[in-house]
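Engineer: Below is a structure I'd like to ask you about.
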Amino acid sequence: MFDKIKDFASDFFVTGDPMILGAQVSIGLTLVAIVFVLTFFKKWGWLWREWLTSVDHKRIGIMYIICSILMLFRGGVDALLMRVQLAMPNSEFLQPEHYNQIFTTHGVIMILFMAMPLMFGLFNIVVPLQIGARDVAYPFLNSLSFWMFFWGAMLFNVSFIIGGSPDAGWLSYPPLSEMSHSPGVGEDFYIWGIQISGIGSLATGINFIVTILKMRTPGMNLMKMPMFTWSVFSSCIIIIFAFPILTVTLALLFLDRFLGAHFFTLDGGGNPMMYINLIWMWGHPEVYIVVLPAFGIFSEVVATFAKKRLFGYKSMVFAMLIISLFSFFTWAHHFFTMGSGADVNAFFAISTMLIAIPTGVKVFNWLFTMFRGKIQFTTPMLWTIAFIPCFIVGGMTGVLLSVAPADFQFHNSYFLIAHFHQVLIGGVAFGYFAGLYYWWPKMFGFRLNEHLGKWAFWLWNIGFYVCFMPQYFLGLDGMTRRTYTYSWDMGWGPLNIVSTVGGFLMGLAFLFQVWQIAHSIKFFKEHKVGSDPWDGRTLEWSIPSPAPIYNFAVLPKAEVADVVWEEKQGTVKKQPVPTTYEPIHMPKNSGIPFIMSAMWFFAGFGFVWGWMWLTIPALIGVAICMLARSFSYDTDYYIPAEEVKATEDAWRGVKV
């Protein structure tokens, strides 16, 4: 009996690696500490009522952001472990299998479980406030989307200590990801973790498209929307067309692994290149899904801190919509070397070059907005200014990669790695950091410490260039991506050491950001702000910080773009302060999204291990949750007018 348990445990848990063992102990101690704190301070009820069952878009946004910061830590540690491994020739700091797992999980976590939730967090925090809405169109679905993401991310991350992490790269190309080459459960964790969270992402895309189209405040037509909202709309259009492709692709891969189908194996007439085409039909638009909202953030920040109207509003809108369309016609540039022929390669080379045009338009728009502006060098503005040269280098190297004959030389080299990170860190991470700093006061009612923020900014930027500039030269010198180790005579050692130093500078910058948040929370009274700390332009700056649960006591009118700024300039009449209020209709919290998503987690876990005794009851649980929701009629309530008046009077300092 004991031997059977021992054998099962040795297969079930990841053993034998001291680092993973240390992580297991740390995770266990952290969980014990959380349970102890919640029990000691009797906060379980508060956690359930206020957060786990909340359908308030602002709280859901905060939960997304907390998750993304934790995932940034996890993905960042993976990156540093890789850089340590590559710092010196012939290094054996990591075992080859562990190294493969780390570069796989690093890519998946940073794209899908760090960038995406940070983006969705800002969607949730900002969009309803910018368009003058009291919530998103489907609050219940919004909560379900978050918990599907959360449990999907947990299912993926649990492979770190149970069963073993996937190790076939962040896109899991077959045949490496098939049972013939990856017989363990790591790839199944990959498939189900992404599938479950992907359903949440798709639902979020639908939710925000409907929210933007149907819930704008009176007077705000499409061409008066804030640019961040436009960028969210453009991103969500891509989401609703791209994520179904990912769902189908991973489902086919699972059928290959689970039922012995041959969609992507040559044995039964399948074709692995079909997988690569499908995954990049999602994968390349995914880059634009995460970068377009960053463009919207830069547009808001530039206009606010240059004290000028955004230059070329209409051209910016059309540029983002064109990028949304073109993003679906560039996927094959990721594998020019496949051998599709000159005509196919020429088509995708030209389409890739064309997408640089609307991207370049936006850079000029931001530069002309700053031209002769009264620029304030706040932390959000610094991130925006730093983005421009960084993204230009990333864009130009992207154009180099789009030249099919040249790509045969760059393909799968560190040149590509440098380009990819230049775009995604310089474009996406810098953008979301700018957005986080910019809207933090609206979320919590206090600013983050600017002094520590500038330390973090400079360390991030210096570290970034020290880390990734050498990688262009490593790629030109022949170093290929996913290289585990190399010999002294390759001559790659010095540049790799420099790159590793840069990586650790970025890690230090992250610690400064954590310190900044902790310090600002501790001394939040010193950093407390009113409703409009940045002298902003759009509707979110017209209500208290943090916003009340109903957002707007009376729906505002937005007859012009940047209505709050125009009111302050006196170009439009200020909206009168309401004297009477009406009860406000709001959705009730629900525990069903949390429970249903947890059921999906168990169903996925059962599929991973082939435990139908777990999967079938879990799927029945999902069905019961859906029925329970269908027959729920007590789903809303009204905030009394007296309560709204009391809240508004307190904010305006009215003495009763």
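Engineer: For region 440-462, what are the residues that are touching a Pro at 6+ places or on another chain (Cβ under 9 Å), farther than 16 Å from residue 519 by Cβ and crowded, with 21+ Cβ neighbours inside 10 Å?
Structural biologist: Passing the criteria: only 442.
Engineer: Determine if region 608-615 includes at least one residue that is under 28 Å from the mean Cα position of the chain (by Cα) and open to solvent by less than 40 Å² (accessible area, probe 1.4 Å).
Structural biologist: There is at least one residue in region 608-615 that is under 28 Å from the mean Cα position of the chain (by Cα) and open to solvent by less than 40 Å² (accessible area, probe 1.4 Å).
Engineer: Follow-up. Please go through region 1-42 and give me each residue that is open to solvent by 90 Å² or more (accessible area, probe 1.4 Å) and not in a helix (DSSP H, G or I), ordered by number.
Structural biologist: 1, 13, 15, 41, 42
Engineer: Please find, within region 259-300, the residue that is surrounded by the most Cβ atoms within 10 Å (Cβ to Cβ) out of those that are acidic (Asp, Glu) and farther than 12 Å from residue 327 by Cα.
Structural biologist: Top of the filtered list is 300.
Engineer: Identify, please: which residue in region 233-258 is without any contact (Cβ under 8 Å) to a residue 60 or more places away in the chain and within 24 Å of residue 128 (Cβ to Cβ) and is, among those, most open to solvent (accessible area, probe 1.4 Å)?
Structural biologist: 240
Engineer: Quick one: in region 629-641, of everything that is in contact (Cβ under 8 Å) with a residue 40 or more places away in the chain and not aromatic (Phe, Trp, Tyr), which residue is surrounded by the fewest Cβ atoms within 10 Å (Cβ to Cβ)?
Structural biologist: 634
Engineer: Among the residues of region 447-487, which ones are under 15 Å from residue 511 (Cβ atoms) and touching a strand residue (DSSP E or B) at 6+ places or on another chain (Cβ under 8 Å)?
Structural biologist: Result: no residue meets the conditions.
Engineer: Tell me which residues, restricted to region 614-625, are under 18 Å from residue 53 (Cα atoms) and either out of contact with any helix residue (DSSP H, G or I) (no Cβ under 6 Å at 6 or more places or on another chain) or among the aromatic types (Phe, Trp, Tyr) (or both).
Structural biologist: Scanning region 614-625 gives a single hit, 624.
Engineer: Assess whether residue 492 counts as being touching a Gly at 6+ places or on another chain (Cβ under 9 Å), more than 28 Å from residue 132 (Cα to Cα) and at pLDDT 95 or above.
Structural biologist: yes
Engineer: To continue, here is another question. If a residue counts only when it is closer than 30 Å to residue 545 by Cα and in contact (Cβ under 8 Å) with a residue 24 or more places away in the chain, which helices (runs of 4 or more DSSP H) contained entirely in region 43-118 have at least 3 such residues?
Structural biologist: 57-87
Engineer: Could you tell me which residue of region 164-205 is farthest from residue 138 (Cα to Cα), considering only residues that are free of Cβ contacts under 8 Å to residues at least 40 places away in the same chain and open to solvent by 20 Å² or more (accessible area, probe 1.4 Å)?
Structural biologist: Top of the filtered list is 181.
Engineer: Here's something else I'd like to know. Could you tell me whether any residue of region 219-236 is closer than 19 Å to residue 64 by Cα, not aromatic (Phe, Trp, Tyr) and not in a helix (DSSP H, G or I)?
Structural biologist: So far as region 219-236 goes, no, none of its residues is closer than 19 Å to residue 64 by Cα, not aromatic (Phe, Trp, Tyr) and not in a helix (DSSP H, G or I).
Engineer: Do we have residue 91 as open to solvent by less than 40 Å² (accessible area, probe 1.4 Å), over 29 Å from the mean Cα position of the chain (by Cα) and more than 30 Å from residue 586 (Cβ to Cβ) here?
Structural biologist: For residue 91, the condition - open to solvent by less than 40 Å² (accessible area, probe 1.4 Å), over 29 Å from the mean Cα position of the chain (by Cα) and more than 30 Å from residue 586 (Cβ to Cβ) - is met.
Engineer: Of the residues that make up region 185-200, is at least one under 17 Å from residue 289 (Cβ atoms) and in a loop (DSSP other than H, G, I, E, B)?
Structural biologist: Checked against the condition, which is being under 17 Å from residue 289 (Cβ atoms) and in a loop (DSSP other than H, G, I, E, B), region 185-200 yields no hits at all.
Engineer: Scan region 134-157 and tell me whether some residue there is within 30 Å of residue 266 (Cβ to Cβ), part of a loop (DSSP other than H, G, I, E, B) and open to solvent by less than 10 Å² (accessible area, probe 1.4 Å).
Structural biologist: So far as region 134-157 goes, no, none of its residues is within 30 Å of residue 266 (Cβ to Cβ), part of a loop (DSSP other than H, G, I, E, B) and open to solvent by less than 10 Å² (accessible area, probe 1.4 Å).
Engineer: Further question: Given the conditions (1) of a type in the set (A, V, I, L, M); (2) more than 24 Å from the chain's Cα centre (by Cα); (3) modelled with pLDDT of 90 or more, report the number of the one that residue 338 does not fulfil.
Structural biologist: Just one mismatch for residue 338, condition (3).
Engineer: Taking region 356-396, which residues are at pLDDT 90 or above and β-branched (Val, Ile, Thr)?
Structural biologist: Answer for region 356-396, where residues must be at pLDDT 90 or above and β-branched (Val, Ile, Thr): 357, 361, 363, 369, 375, 378, 379, 384, 385, 388, 392, 393.
For (1) open to solvent by less than 60 Å² (accessible area, probe 1.4 Å); (2) within 30 Å of residue 12 (Cα to Cα); (3) out of contact with any helix residue (DSSP H, G or I) (no Cβ under 8 Å at 6 or more places or on another chain); (4) in a strand (DSSP E or B), each residue gets a yes or a no:
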residue	(1), (2), (3), (4)
540	yes, no, no, no
551	yes, no, no, no
574	no, no, no, no
582	no, no, no, no
590	yes, no, no, no
599	yes, yes, no, no
606	yes, yes, no, no
627	no, no, yes, no
651	no, no, yes, no
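Engineer: In addition: Can you pull out the residues in region 206-218 that are open to solvent by 50 Å² or more (accessible area, probe 1.4 Å) and over 14 Å from residue 238 (Cα atoms)?
Structural biologist: Answer for region 206-218, where residues must be open to solvent by 50 Å² or more (accessible area, probe 1.4 Å) and over 14 Å from residue 238 (Cα atoms): 213, 214, 215, 216, 218.
Engineer: I would also like to ask the following. Scan 162, 196 and give me the residue that is in contact with a Leu (Cβ under 8 Å, 6 or more places away or on another chain), of a type in the set (Val, Ile, Thr) and on the phi < 0 side of the Ramachandran plot.
Structural biologist: Going through 162, 196 in turn, just one is in contact with a Leu (Cβ under 8 Å, 6 or more places away or on another chain), of a type in the set (Val, Ile, Thr) and on the phi < 0 side of the Ramachandran plot: 196.
Engineer: Looking at (1) open to solvent by 10 Å² or more (accessible area, probe 1.4 Å); (2) within 26 Å of residue 507 (Cα to Cα); (3) touching a Phe, Trp or Tyr at 6+ places or on another chain (Cβ under 7 Å), find the lone condition where residue 104 falls short.
Structural biologist: Residue 104 satisfies every listed condition except (1).
Engineer: Separate question: Just a yes or no: is a residue in region 374-397 open to solvent by 60 Å² or more (accessible area, probe 1.4 Å), of a type outside the set (Val, Ile, Thr), at positive phi and free of Cβ contacts under 8 Å to residues at least 60 places away in the same chain?
Structural biologist: Within region 374-397 (the criterion being open to solvent by 60 Å² or more (accessible area, probe 1.4 Å), of a type outside the set (Val, Ile, Thr), at positive phi and free of Cβ contacts under 8 Å to residues at least 60 places away in the same chain), the answer is no, since none of the residues qualifies.
Engineer: Turning to a different aspect of this structure: Considering each residue of region 562-571, count those that are open to solvent by 40 Å² or more (accessible area, probe 1.4 Å) and part of a loop (DSSP other than H, G, I, E, B), and give that number.
Structural biologist: Selection size over region 562-571: 2.
Engineer: In region 521-559, what residues are among the polar types (S, T, N, Q), within 18 Å of residue 572 (Cβ to Cβ) and in contact (Cβ under 8 Å) with a residue 60 or more places away in the chain?
Structural biologist: Selection gives 538 alone.
Engineer: Out of 139, 128, which single residue is in contact with a strand residue (DSSP E or B) (Cβ under 6 Å, 6 or more places away or on another chain), at pLDDT 95 or above and closer than 30 Å to residue 561 by Cα?
Structural biologist: Of 139, 128, the one residue that is in contact with a strand residue (DSSP E or B) (Cβ under 6 Å, 6 or more places away or on another chain), at pLDDT 95 or above and closer than 30 Å to residue 561 by Cα is 139.
Engineer: Picking from 476, 495, 508, which residue would you name as being under 24 Å from the mean Cα position of the chain (by Cα) and open to solvent by 10 Å² or more (accessible area, probe 1.4 Å)?
Structural biologist: 508
The values are calculated or read from the model by the stated rules, or taken from the named source; none is laboratory data. These numbers were taken from a predicted model, which means no experiment stands behind them. Quick reminder, even Gly has a Cβ in these numbers, built from the backbone with ideal geometry, and neighbours come from all protein chains shown. Keep in mind that these areas ignore ligands, DNA and RNA; they rest on the heavy atoms of the full protein, side chains included. Shrake-Rupley method; radii C 1.70, N 1.55, O 1.52, S 1.80 Å.
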